[in-house]
Amino acid sequence: MKLAVHGRRRGYRFAVVVLLAVVVLLIVLFRHKGTSQPVLPKPAGAKPFYRILKSWDLPAKGLGRLGVVALVRPDMEQDSLQAVLDWVLYSMLEKYRHLKRRNLRVIWAYVLEDSTAPKSKWRAMAIWVDPKLPQSLRPAGIGGDAVKKGPIEYDFTNPVMSVEQLGN
């Protein structure tokens, strides 16, 4: 009788070990390949002054997409605006990666000079797209005279603002 109970215990332990090995193997084989989180290098230079006014999720097809508006002082040079955009994109990507545990794939960033102005009156804008995002899921580019540098596309000429300036 003891022999039968001892043999059953050994069989149970063996079955548990085999089952755990199968589960680990399945996890390794079928884990989502897109789980690696995108990385944007920390911008060079000192962090410029800006304030995040608003951020919002833009859900589409299960992708992590985000819009963000930042406020800067009026009449900043283009290089300074680009630095602000770089820092906004970097900080939002890091925030979502570490604090919210979400994997962003696309970020639209707008810079305003007046906190009461609508988003359409942006002074500069940028779109960051995860380089690993399949072409079929990428948003349309900014177009016009936008400049693409790596995974970021920048635009510093707002056609809405240009039309208003022509009218004055």
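The values are calculated or read from the model by the stated rules, or taken from the named source; none is laboratory data. If you're wondering where the values come from, they're calculated on a predicted model, not measured in any experiment. Glycine gets a Cβ as well: all are built from the backbone with ideal geometry, and neighbour counts include every protein chain shown.
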Practice task
Give the residue, chosen from 154, 90, 110, that is in a helix (DSSP H, G or I) and either among the hydroxyl-bearing types (Ser, Thr, Tyr) or over 21 Å from residue 43 (Cβ atoms) (or both).
Solution key: 90
Exercise for the section: Could you check residue 105 against (1) under 16 Å from residue 39 (Cβ atoms); (2) part of a loop (DSSP other than H, G, I, E, B); (3) of a type in the set (D, E, K, R) and say which number it fails? Expected result: (2)
Fill in the blank from the handout: If you go through 79, 75, the only one that is acidic (Asp, Glu), loosely packed, with under 12 Cβ neighbours inside 10 Å, at pLDDT 90 or above and not in a strand (DSSP E or B) is 79
Practice task
Could you please let me know if residue 97 is surrounded by 11 or more Cβ atoms within 10 Å (Cβ to Cβ), touching a residue at least 40 places away in the same chain (Cβ under 8 Å) and farther than 15 Å from residue 155 by Cα?
Solution key: yes
Completion exercise
Scanning region 16-44 residue by residue, the ones that are at pLDDT 85 or above and either surrounded by 10 or more Cβ atoms within 10 Å (Cβ to Cβ) or not in a loop (DSSP other than H, G, I, E, B) (or both) total 2
Problem - Pair list, Cβ under 7 Å, 6 or more apart: region 61-80 residue in contact (Cβ under 8 Å) with a residue 24 or more places away in the chain, other residue in a loop (DSSP other than H, G, I, E, B) and among the acidic types (Asp, Glu) - result: 72/113; 74/113
Problem - Single condition residue 116 does not satisfy, out of (1) modelled with pLDDT of 90 or more; (2) assigned to a helix (DSSP H, G or I); (3) over 19 Å from residue 42 (Cα atoms) - result: (2)
Exercise for the section: Might you let me know whether region 56-64 holds any residue that is of a type in the set (Lys, Arg), closer than 18 Å to residue 127 by Cβ and modelled with pLDDT under 95? Expected result: yes
